[in-house]
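Please find one structure pasted underneath; my questions will follow.
The values are calculated or read from the model by the stated rules, or taken from the named source; none is laboratory data. All figures in this text were calculated on a predicted structure; none of them were measured in a lab. Neighbour counts run over all protein chains shown; Cβ positions are idealised from the backbone, glycine included.
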Amino acid sequence: MNGAARPARERIQRTLLLAVGIGAVIFGALLAGGSSGFLRQIDQLHTPFGILVVLVGVVVPALYTVLSRVLPIRPLLLIAGTTSMVFMAIQIAWPLLMKEPLLADDATPWTQGINAIHATAAAIAWPRVAGWVYPLVQGPVVAFTQMQVRDDAALEAILDGLGAIIYCLILCGVSIAMISAGDRQDSAAAHAREQAALEASRRTREAEQTRINAIVHDDVMSVLLAASRPTPPVTLAEQARHAIASVESLVSGRTESRDYDPEEFVAVVRSTAATVDASVPVRYAVDGEAPLPAGVVAAFAEATAEALRNALGHGGPGAEPSVECDVTDGSARVVVADHGRGFAAGRVSQRRLGIRVSILERMRTVTGGDADVSSSPGVGTTVVLTWSRP
C-alpha cells in the first residue's frame with residue numbers, strides 16, 4: 001500500500017502520538033524538581049544547551065497533544081522522528097555539554113527519565129526496524145553516559161541501561177503492534193474496495209450489454225415494421241444499414257466502445273432509475289448534440305443506481321428520491337436527491353463501501369468525472385454526479 005491512503009494506520013499513529021504528548025507532560029512535571037531534575041541540571045550545562053535539552057526532551061513532545069490533531073500526518077511524523085533522533089544525539093553528547101566533569105549530588109542525567117517517550121515516538125514515526133533498534137541502543141547509551149558523569153557507578157549504570165532497554169522495548173513493542181494492526185485493517189479495506197469495484201464494474205457491464213441488446217433489437221424491429229408498410233419511408237435503406245451495423249457490432253463485441261448521443265444518455269439514466277424503482281421520477285434537459293463516451297455513461301449508470309439504492313434502503317419511508325439529468329455539449333450532470341433520514345458523514349463506517357466505491361470513486365475513474373455527497377440527519381441526502389468534457 002505504498003503511496004496509498006492508510007486511514008487506520010494514520011488514526012493509530014495520531015492516537016499514539018497524542019498519548020506520547022500526554023506522557024511528556026506528566027513525565028516533564030515529575031522530572032522538573034530534585035537533584036536529577038532538569039531545573040537543577042539546566043545550569044550545569046553550557047549555555048544554551050541546558051534550555052535546548054529541555055525544549056527537545058519535554059516541550060516538543062508535549063506539543064504532540066496539539067500537533068497530533070492539527071498537522072497532516074507526514075509533517076507530524078517528520079517532527080516526531082527527527083526530535084527522537086536529536087534527543088538520542090543529546091544523550092550521547094551529554095558529557096560534552098556539561099560545565100563540570102560530574103553532575104552535582106551524584107545525580108543521573110534527567111534525560112534518562114524521559115527516554116521511553118522518545119523511543120515510543122521513534123517507533124511510531126520511523127520504519128519498524130528503527131522502532132526496535134532505538135530501544136536496544138538506549139542500553140549502552142544510558143550506561144555509557146551515566147558512567148561518564150557519575151563517580152564509580154559502573155554497575156548501577158549497567159543496570160539502569162538494562163532497565164531502559166526493557167521499559168522502552170515494552171512501549172515500542174505495543175506501539176509497533178498497534179500500527180501493524182492498522183496496516184492489516186487498511187489492507188483488508190483496500191482488498192474489499194477492490195472487490196467491490198470489480199463487482200460494480202461487472203454489474204455495469206452486464207446492465208450495459210443488456211441495454212445494448214435492447215437497442216439493437218429495437219433497431220431491427222423498427223426496420224422490419226417500416227418495411228411491412230404499404231409505402232416504406234425513403235429512409236428505410238439508411239435504417240437498415242444502421243441496424244445491420246448494430247448487429248455486426250454486437251456480434252463482434254465492439255459495442256462497449258460506442259458513444260452515446262445525449263438522448264441515449266438520458267434513456268440510460270431513466271432506465272437505470274426504473275430498474276431500481278419504477279416510481280422514481282426523472283426530470284431531464286438536453287441542450288447539445290455531442291456524444292458521450294461509453295465509459296462515462298457506464299459510470300453515471302452505476303453511480304445513479306447506487307445512490308437510488310442507498311436512498312430507498314436507508315432513507316426511510318418518506319425518502320421519495322428523485323433524479324434530475326442535464327446534458328450539454330460540454331458536460332453532463334445527474335442529481336439524486338431524497339428527503340429521508342440523512343446521515344452524518346463523519347459517522348459513516350470505513351467499511352461502508354457503497355458511497356465511496358460505487359459513487360465517488362466510480363465517477364472519478366473516468367476523465368472529467370466527479371461526485372459529491374451531502375447529507376444531514378433529518379434533512380435528506382443529495383448526490384451530485386458530474387462530468388466535464390476534457
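Collect the residues in region 53-62 that are of a type in the set (A, V, I, L, M, F, W, C) and crowded, with 17+ Cβ neighbours inside 10 Å, keeping them in residue-number order.
Those that are of a type in the set (A, V, I, L, M, F, W, C) and crowded, with 17+ Cβ neighbours inside 10 Å: 53, 54, 56, 58, 60, 62.
Hand me the list of helices (runs of 4 or more DSSP H) wholly inside region 33-119 holding 3 or more residues that are closer than 19 Å to residue 160 by Cβ.
Counting at least 3 such residues, we get 38-41, 73-97.
Under 7 Å between Cβ atoms, which residue pairs at least 6 apart in sequence (or on different chains) link something in region 296-321 that is under 21 Å from residue 367 (Cα atoms) with a partner that is at pLDDT below 90 and part of a loop (DSSP other than H, G, I, E, B)?
Listed by first residue and then by second, the contacts come to 296/366; 299/365; 299/366.
Is it true that some residue in region 142-164 is in contact with a helix residue (DSSP H, G or I) (Cβ under 7 Å, 6 or more places away or on another chain) and closer than 19 Å to residue 80 by Cα?
Within region 142-164, none of the residues are in contact with a helix residue (DSSP H, G or I) (Cβ under 7 Å, 6 or more places away or on another chain) and closer than 19 Å to residue 80 by Cα.
Listed residues 97, 103; which is under 28 Å from residue 139 (Cβ atoms), at pLDDT below 95 and either surrounded by fewer than 18 Cβ atoms within 10 Å (Cβ to Cβ) or of a type in the set (Lys, Arg) (or both)?
On the way: 103 fails: either surrounded by fewer than 18 Cβ atoms within 10 Å (Cβ to Cβ) or of a type in the set (Lys, Arg) (or both).
Just a single option satisfies the conditions, and that option is 97.
Might you check whether a residue that is out of contact with any His (no Cβ under 7 Å at 6 or more places or on another chain), exposed (fewer than 15 other Cβ atoms within 10 Å of the Cβ), assigned to a helix (DSSP H, G or I) and not charged (D, E, K, R) occurs anywhere in region 284-300?
no
Between 276, 366, which is β-branched (Val, Ile, Thr), over 30 Å from residue 9 (Cβ atoms) and at pLDDT 85 or above? Write out each step before concluding.
Numbers: 366 fails: over 30 Å from residue 9 (Cβ atoms).
276 is the lone residue from the list that is β-branched (Val, Ile, Thr), over 30 Å from residue 9 (Cβ atoms) and at pLDDT 85 or above.
Further question: Can you tell which of 286, 216, 251 is under 43 Å from the mean Cα position of the chain (by Cα) and either modelled with pLDDT of 75 or more or assigned by TED's automatic domain parsing to the domain that holds residue 335 (or both)?
286
Name the single residue that is farthest from residue 83 (Cα to Cα) among those in region 9-45 being of a type in the set (S, T, N, Q) and in contact with a helix residue (DSSP H, G or I) (Cβ under 6 Å, 6 or more places away or on another chain). Before you say what the answer is, go through the steps one by one.
So the first thing to find is which residues in region 9-45 are of a type in the set (S, T, N, Q), and the list is 13, 15, 35-36, 41, 44.
Applying the additional criterion that residues be in contact with a helix residue (DSSP H, G or I) (Cβ under 6 Å, 6 or more places away or on another chain) yields 13, 35-36, 41.
Values: 13: 16, 35: 25, 36: 22, 41: 21 Å.
Result: 35.
Could you pull out the residue among 83, 15, 65, 47 that is at negative phi and free of Cβ contacts under 8 Å to residues at least 24 places away in the same chain?
Unique residue meeting the criteria: 47.
Say we look at region 142-168 and pick out the residues that are hydrophobic (A, V, I, L, M, F, W, C) and under 39 Å from the mean Cα position of the chain (by Cα); which of these is surrounded by the fewest Cβ atoms within 10 Å (Cβ to Cβ)?
166
Quick one: which residue in 127, 135, 61, 48 is within 30 Å of residue 11 (Cβ to Cβ) and out of contact with any helix residue (DSSP H, G or I) (no Cβ under 8 Å at 6 or more places or on another chain)?
127
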